[in-house]
Amino acid sequence: MVTTTVNFEDAQTQLVHLLGLALTGYEVVIAKDDVPVARLVPIQRIKKRRIAGLHNNAMQAHEDFNQPLPDAIFS
């Protein structure tokens, strides 16, 4: 990912351009007095759809799962 640093005042006037850079894969760092204060990066989109039941029965609850907890835990 390519990084571009812009000072705060320029970022205010170039927001549309900076958003375009982020959408094309750039990381834009906004700095105030040469100190980075914010980062503008593209959001990673989920490319695969989830498949229901893919890991069916992968987890199991212990047979005493619904039993009351012992009093010793609460003291």
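The values are calculated or read from the model by the stated rules, or taken from the named source; none is laboratory data. No experiment lies behind these values; they were computed from the predicted model shown. Reconstructed Cβ throughout: ideal geometry from the backbone, glycine too, with neighbour counts over all protein chains shown.
Filtered by the rule that a residue be surrounded by 13 or more Cβ atoms within 10 Å (Cβ to Cβ), under 13 Å from residue 2 (Cα atoms) and among the aliphatic types (A, V, I, L, M), the range 19-30 gives 21, 22, 28, 29. Which of the residues belonging to the range 1-29 are over 12 Å from residue 42 (Cβ atoms) and among the hydroxyl-bearing types (Ser, Thr, Tyr)? Correct list: 3, 4, 5, 13. With respect to being surrounded by 10 or more Cβ atoms within 10 Å (Cβ to Cβ) and charged (D, E, K, R), residue 10 fits the description. Pairing residues of the range 8-36 that are touching a residue at least 12 places away in the same chain (Cβ under 8 Å) with residues that are surrounded by fewer than 15 Cβ atoms within 10 Å (Cβ to Cβ) and among the basic types (Lys, Arg), at Cβ distances under 8 Å and at least 6 apart in sequence or on separate chains, gives 8/32; 27/39; 28/39; 29/39; 30/39. Here is the figure for the range 31-61: residues that are modelled with pLDDT of 85 or more, among the charged types (D, E, K, R) and loosely packed, with under 10 Cβ neighbours inside 10 Å total 2.
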